[in-house]
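Only one structure is covered here, and it is reproduced in the block below.
The values are calculated or read from the model by the stated rules, or taken from the named source; none is laboratory data. From a predicted model like this one, the values you see are computed outputs, not experimental measurements. Virtual Cβ from ideal backbone geometry, glycine too; neighbours counted across all protein chains shown.
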Amino acid sequence: MSCVVLGSDAPEPVLSGILHALQSMQKEQRDFQLSLHTRLSAIEHRVMSRCHDDITGDAPGTTTSRSNSRSRSRPNPDLSLVWLCPICGLKLKDRESFKGHIRLQALSQIQSCRFSADNIQHQALLSKFGNGDFDSSTAAFSKEFYDQIRICSSSLDPDTKSHGHIFGWLAAAVADRNVPFPVYVAARGDSKRRRTSSGCGITGGAESSSISLSSNSSPELTVVPHFQRSNVTNQ
């Protein structure tokens, strides 16, 4: 078998044919790359769109669900209200941060927010709870106080109504024993969230009160406890 090497002396028709073949191959390669790039761009766009839907919750057929979710979201917090911890005196930003702070306090996860047996204001808060033992009194108060916050701070409860109930309940805690604890009536009239007395379900808790509210009423709390108006400091 002989091998023919094309040089400068090759016939012009042969060189022209080779050049034409190379140009055709280059064009096919460019067309292939363009097609591949177009397909990759389409795939990338589709993947990015799906990721965006997963993050924002936007997916085909979920427009109604998304609208319902937005309608259930609570409005912006009322920053004019004062959310002061009655135990450590810390001023919290809003209702949610106050709720989180009291939850951690009830779980004994905040070292700076602890009851002190020598603190007169703490003694007043615990006066209606427990059987005289300091540890049992603090546990009973912490549990019931967080329960009261939890039942009145859903997305349907206005901040002002939650604030009124919480600090009205604290005012009743430090008041005379004949002063009943307020009962919270949920915004949607959910009977499961109504409290008939402050000491419900707590052994050695607060004394039961005789207060009752109709299902269509809500507590009007005008008493503001002394620890809401000034910072509480451990003595």
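Figure legend. Inter-residue proximity from the range 118-132: first residues without any contact (Cβ under 8 Å) to a residue 12 or more places away in the chain and of a type in the set (Asp, Glu), second residues assigned to a loop (DSSP other than H, G, I, E, B) and surrounded by 15 or more Cβ atoms within 10 Å (Cβ to Cβ), beta-carbon distance below 9 Å, spacing 6+ or different chains. No pairs are indicated. If you go through the range 112-129 and pick out every residue that is under 21 Å from Leu90 (Cβ atoms) and not in a helix (DSSP H, G or I), you end up with 8.
Return yes when Asp53 is under 41 Å from the mean Cα position of the chain (by Cα), at pLDDT below 70 and assigned to a loop (DSSP other than H, G, I, E, B) and no when it is not. Criteria not met by Asp53. Against the list (1) more than 18 Å from the chain's Cα centre (by Cα); (2) within 16 Å of Asp94 (Cα to Cα); (3) among the hydroxyl-bearing types (Ser, Thr, Tyr), the condition Thr138 fails is (2). I'm checking my understanding of the structure. Among residues of the range 90-107 that are of a type in the set (D, E, K, R) and touching a helix residue (DSSP H, G or I) at 6+ places or on another chain (Cβ under 8 Å), which one is farthest from Ile151 (Cα to Cα)? Selected residue: Asp94.
Hey, does the range 162-172 have a residue that's among the polar types (S, T, N, Q), over 18 Å from Leu107 (Cα atoms) and under 30 Å from the mean Cα position of the chain (by Cα)? For the range 162-172, residues among the polar types (S, T, N, Q), over 18 Å from Leu107 (Cα atoms) and under 30 Å from the mean Cα position of the chain (by Cα): present. Within the range 1-37, the set of residues being modelled with pLDDT under 80 and of a type in the set (Ser, Thr, Tyr) comprises Ser2, Ser8, Ser16, Ser35.
To keep it simple, each residue is scored yes or no on (1) within 18 Å of Ala173 (Cα to Cα); (2) at pLDDT 90 or above; (3) acidic (Asp, Glu); (4) not in a helix (DSSP H, G or I).
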{"residue": "Ser65", "(1), (2), (3), (4)": "no, no, no, no"}
{"residue": "Leu79", "(1), (2), (3), (4)": "no, no, no, yes"}
{"residue": "Gly100", "(1), (2), (3), (4)": "no, yes, no, no"}
{"residue": "Asn131", "(1), (2), (3), (4)": "yes, no, no, yes"}
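Within the range 108-149, if we keep just the residues that are in contact with a Lys or Arg (Cβ under 7 Å, 6 or more places away or on another chain) and under 16 Å from Val183 (Cα atoms), the residue that is surrounded by the fewest Cβ atoms within 10 Å (Cβ to Cβ) turns out to be Tyr146.
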